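Structure record follows, encoded as structure tokens.
The values are calculated or read from the model by the stated rules, or taken from the named source; none is laboratory data. Predicted, not measured: the structure shown is a model, and the values here were computed from it. Note: ideal-geometry Cβ built from the backbone for every residue, glycine included; neighbour counts use all protein chains shown. Quick note on the areas: whole protein, heavy atoms, side chains included, nothing else; ligands and nucleic acids left out. Shrake-Rupley method; radii C 1.70, N 1.55, O 1.52, S 1.80 Å.
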Amino acid sequence: MSTPRTTHLPTLMGALMSACISCSAHAGWQASDLDKLTSSFTAGISRAYGVTASPWQFLSCDASSTNCFGTNPDSPYSSPDFGASAANAHSSSTKMKALDALVVIMETPPTMRYFGLTPYIITRYYPSAVTGSAATPGFVPVFESLGDTANLRDMGTTGSSTAGSNAFSQLSVSVMTADQQTAKDVKAQLIGLGFPSSAINLMAMPINAVPLHMGQAPTSDTYSILLRMAYPQYTWQMKDYISRAPLRVLSLTPLQATRAAQNLPTPVSRVPGSQPAESTTLADARDALIEQLKAQFKASYDITRSPAPQMQTQNYVCVTHALPCNGDNPDAIYSGDVQGLTPTSKQDRILIVGVNHVSQGKATYLSHAIVAHANNMGVKGVSDTWLAGTGLKAAGITDPSDPRYATYSQLYAFTLSYDCGNDPLCVTIPEVATADQPYTIPFGQALDITGRVYLDPQTNTRPSTNDIITHKVFIMQKH
């Protein structure tokens, strides 16, 4: 049985009441007030909490990196830099006690097709072997999401009292904690500064559901938050955002660390699935186009189907079974289109045919990425913007009066190869580095292709695999 919470916070609450007298003077928080908000919040909350500020870092991963976790080359990633120490060997993650919090005060990214802030458990120590994991006993980089992503469609910001309606270039605060009182104290401090409660996003840590091993012991879990961005309206705006890194992260620890924990309820995840599902007519058209393309290529290639399994996990599967989740995102369906393929000829190709789920209203974006198998590094991306209309081109349909036109316009079809010749529907696997294409996979090295389908706009989470017509993948080996 928990004991009643005892505290000595009258000075903090008094300060909040005094601050509210001048709330109207601070009602219009703007993105340019990021540092003002951070310093004002820090000054107030530090009466009851120890506060440690850490810089925000945009991450890079290249051929020298051991594991890039299957990065999307079209999507910059960033997270706090907590700094390595004897107690914390992972600079991009930190240990947290049950009463602690991570507070991210941020200017949200500029206009783009997707951004999202996701809470993660990064590492866990397993004292004995766990079935299915060759890495135990010991530490395993599970890198698994702990709850839904606060994304552009549901993040509360100062731009509007309605979450997700004015998401870009606004102030927003996200609070990652397992404790009810800590969450209340953070919210009260911000509201006392005139910051709108609708712009405060709670990331409740599922301390009971996993359960989490919180604390500062050598074997405690480590945690972090990851920001993804993809496909900006203007590239220069995203570059400016990256150069400024307008995110501030504060680690909070109560000065009265002996108070009883009041665990937040386990977060309830959004449920994928929206109606109507994509039409079976699209599946029939996809299969007809595949047969047409196989007939076109069979004189020169041996063609075999690649399974392309879906790779979206269920909550806490990885941490339970000591498996690497590689930074899963609840907002996405991932697919292993090709895994560990080493082409035997530069003329070998990979054929992918699918439905443009964006045009069907089932996704915010979709893409396929070429990935170096050795270290899981994303090298080159192919987005639905480039893929639009490729189904028509692959089928040779040019007349809008053709009865197939409307359906095939919803399909995409392309190949990937080291040697595309003059084929406009072929994406070249990069072998020579350039300024625009710094990452490569030299011929003779193994590669992966990873598919992504992001964010059903009707449910604000990933689409349901029951609602979409999945793409098909084929390996084509030159005779």
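Here are a few things to note about the model shown:
- One chain, two ends: GLN275 and LYS97. Fully extended at 0.36 nm per residue, the span grows by 59.9 nm beyond their Cα-Cα distance.
- Translational diffusion of the chain, µm² s⁻¹ [Kirkwood Rh, Cα pairs; Stokes-Einstein; 37 °C; 0.692 mPa s]: 136
- Rounded to the nearest 10 degrees, the inclination of helix 180-192 to the longest alpha-carbon principal axis of the chain is 80 degrees.
- Across segment 406-417, computed HN-Hα scalar couplings (Karplus, 6.51 cos²θ - 1.76 cosθ + 1.60, θ = phi - 60°) run 4, 6, 5, 5, 8, 9, 10, 8, 7, 10, 10, 6 Hz from first to last residue, x flagging Gly and Pro.
- The chain: angle of helix 235-244 to the longest principal axis, Cα-based, in degrees nearest 10: 30
- Cα coordinate range in segment 273-381, projected on the principal axes (Å, largest first): 48, 40, 23
- Values of log10 I(q)/I(0), in the order q = 0.13, 0.14, 0.17 Å⁻¹, for segment 37-135 under a Debye, Cα-only, solvent-free model: -0.69, -0.79, -1.08
- Relative contact order of the chain, pairs being alpha-carbon contacts under 8 Å that are 6 or more residues apart, as %: 20
- Calculated over segment 119-265, the projected area of the Cα convex hull averaged across directions stands at 11.5 nm².
- Potential lengthening between SER401 and ASN466 on full extension [0.36 nm per residue; Cα-Cα distance subtracted]: 20.2 nm
- In degrees, nearest ten, helix 280-297 long axis to first principal axis of the chain (Cα): 50
- Compared with the direct C-alpha span, the chain from ALA295 to SER243 gains 13.8 nm at full extension, assuming 0.36 nm per residue.
- The chain - share of DSSP beta bridges that are antiparallel (%, nearest 5): 90
- For ASP148, the solvent-accessible surface with a 1.4 Å probe is about 40 Å², rounded to the nearest 10.
- Taking every protein chain into account, the accessible area of the chain amounts to 42 square angstrom per residue (probe 1.4 Å).
- Computed with the Debye formula from one identical point scatterer per Cα of segment 201-292, without solvent, the log10 of I(q)/I(0) at q = 0.25 Å⁻¹ comes to -1.38.
- Mean Cα-pair separation over length for segment 388-431, i.e. relative contact order, pairs under 8 Å, 6 or more apart, %: 35
- The convex hull of the Cα atoms of segment 389-479, projected and averaged over all directions, covers 9.5 nm².
- Trypsin sites (Lys or Arg not before Pro) within segment 198-303, DSSP loop, no more than 14 other Cβ atoms inside 10 Å: LYS298
- Here the accessible area is traced with a 1.4 Å probe on the protein chains. For the chain, carbon and sulfur cover 54 percent of it.
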